[in-house]
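For reference, the structure discussed in these notes is given below.
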There are 2 protein chains.
Amino acid sequence: MIRTNQDFIAYVERLKKGSSHEIDEHVFKPKTTILRQDKRYDSVYLIKKGIAKCYITDENGKEFIQEFLGEGMEFGELEIFSEKLTICSVTSVDELCVYSFSHKTYKALLADDPTFNHLVMKALADKIRYKAPRHSYQHSYPIEDNILRLQKLFPELTEILPKKDIANYIGVTTRSLNRALRELRAKQENLR
Amino acid sequence: MIRTNQDFIAYVERLKKGSSHEIDEHVFKPKTTILRQDKRYDSVYLIKKGIAKCYITDENGKEFIQEFLGEGMEFGELEIFSEKLTICSVTSVDELCVYSFSHKTYKALLADDPTFNHLVMKALADKIRYKAPRHSYQHSYPIEDNILRLQKLFPELTEILPKKDIANYIGVTTRSLNRALRELRAKQENLR
DNA sequence: AGAAAAAAAGGACATTTGTCCCAAGCACGA
DNA sequence: TCGTGCTTGGGACAAATGTCCTTTTTTTCT
């Protein structure tokens, strides 16, 4: 659920030391919104440390969380390829350290550095691979199954995130999430 | 809903005429399954003409349609970047004409042809952009709204596709789709 | 520390969607 | 041309989820 990409971060750190490219560093406080849906930006970010949530808000104000980004994941890169507005808002969950590239630098790297090019391409492909089964799974299984799956994959996450985020990630209301959690607890009582 | 990419097809046709690369052509009959989920393949396909559906089947046999691919859309390309199994099955809806590249050829083009490289990258980025709001929308709105949206975007599609596919695309059962359609009809009666 | 705001939990009820059926229409192959 | 098997349409009921609201607890800010 929290996605990472060690290869990418390792390579960018190497690049930055080489210092032939301008790569900046930033630190954002928890709960800072870095990208806002439907705006235009001129930077691409790569997460060095921390967790960010990437989400869409619809007209009714409902949030739908696309993914949680961890070390080595980038955001703001889609706008390099089609000169459009950002589709997702991105907000830091805890303290977030990032590397940032201007569009200019990023494009230059894509064009001149085959390794970088390949890493970006792979990262895009992985985002697609990741999303496909996820939405399918969420549709096909009851909330309880989704919770169990999540708790198995990221036991620690339930501690960090507010219930609302977990609900938005699964795509249900907080009420439904609570109900499901209670039923799970009841079942575990019964087992003892 | 049926996605296309004219730039890509135009460029590949130009490439093929140049004939320095091996690009084959294939025609598939309607309802032919070209890729099967969880198998391994050695080709990438680009649609020249026709429509294909791209879907995931879960353990219970439920299909969830990811997207409908039209002219200029590719499939089987994700496996170039991570040497994994295919995540989606792909089946022709009507007669389907495709160009096909061996992985070897495709990789060579990616490495040596910057225009091709850029087109592929943009295509990947667009797939991500496309999926994000779609799943969010489907979750947040009732079936009726999803149908109306679909009918507005692709009035012809309702003719070509069996109801089951439309339901699978929206992510509901055929029963629910029918119910929603009937209610829509009733509402339109009332207006007159 | 104390007030205000946000998060968590859950009751009661409404609505949506799914499941399980059955029946009619149509389509394609033996 | 006659079946056999999809596709379509819908009834009846069950289950899941959402909405609205209230209460309690926790966090945050001054």
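The values are calculated or read from the model by the stated rules, or taken from the named source; none is laboratory data. Values in this document were obtained by computation on a predicted structure and should not be read as measured data. Note that we place each Cβ from the backbone using ideal geometry, even for glycine, and neighbour counts take in every protein chain shown.
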Original post:
Are any of the residues in the range A:97-109 over 26 Å from A:R14 (Cβ atoms) and surrounded by fewer than 18 Cβ atoms within 10 Å (Cβ to Cβ)?
Top reply: no
Subject >> strands (runs of 3 or more DSSP E) contained entirely in the range B:51-125, each with at least 2 residues that are aromatic (F, W, Y) >> reply: B:63-69, B:96-102
Original post:
For the range A:115-135, does any single residue satisfy the condition of being within 16 Å of DNA strand D (Cβ to nearest atom) and either under 13 Å from A:I65 (Cβ atoms) or surrounded by 14 or more Cβ atoms within 10 Å (Cβ to Cβ) (or both)?
Top reply: yes
Subject >> Pair list, Cβ < 6 Å and 6+ apart or interchain, from the range A:5-16 residues that are more than 14 Å from A:F101 (Cα to Cα) to residues that are in a helix (DSSP H, G or I) and β-branched (V, I, T) >> reply: none
Original post:
Just one of the numbered conditions (1) charged (D, E, K, R); (2) more than 10 Å from DNA strand D (Cβ to nearest atom); (3) at pLDDT 90 or above is not true of B:R175; which one?
Top reply: (2)
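Could you count how many residues in the range A:136-159 are within 13 Å of DNA strand C (Cβ to nearest atom) and either hydroxyl-bearing (S, T, Y) or surrounded by fewer than 15 Cβ atoms within 10 Å (Cβ to Cβ) (or both)?
Residues flagged as within 13 Å of DNA strand C (Cβ to nearest atom) and either hydroxyl-bearing (S, T, Y) or surrounded by fewer than 15 Cβ atoms within 10 Å (Cβ to Cβ) (or both) within the range A:136-159 amount to 7.
Conditions (1) facing chain A (nearest Cβ under 10 Å); (2) closer than 16 Å to A:R129 by Cα; (3) of a type outside the set (S, T, N, Q), marked per residue:
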| residue | (1), (2), (3) |
| --- | --- |
| B:D24 | no, no, yes |
| B:I34 | no, no, yes |
| B:K62 | yes, no, yes |
| B:G70 | no, no, yes |
| B:K84 | yes, yes, yes |
Original post:
What are the pairs, 6+ residues apart or on separate chains, where a residue within the range B:139-153 that is within 11 Å of chain A (Cβ to nearest Cβ) and over 10 Å from B:I170 (Cβ atoms) has its Cβ under 6 Å from a residue that is more than 9 Å from DNA strand C (Cβ to nearest atom) and not polar (S, T, N, Q)?
Top reply: B:H139/A:G171; B:S140/A:D58; B:S140/A:K62
Original post:
Listed residues B:R134, B:R129; which is within 11 Å of chain A (Cβ to nearest Cβ) and at pLDDT 90 or above?
Top reply: B:R129
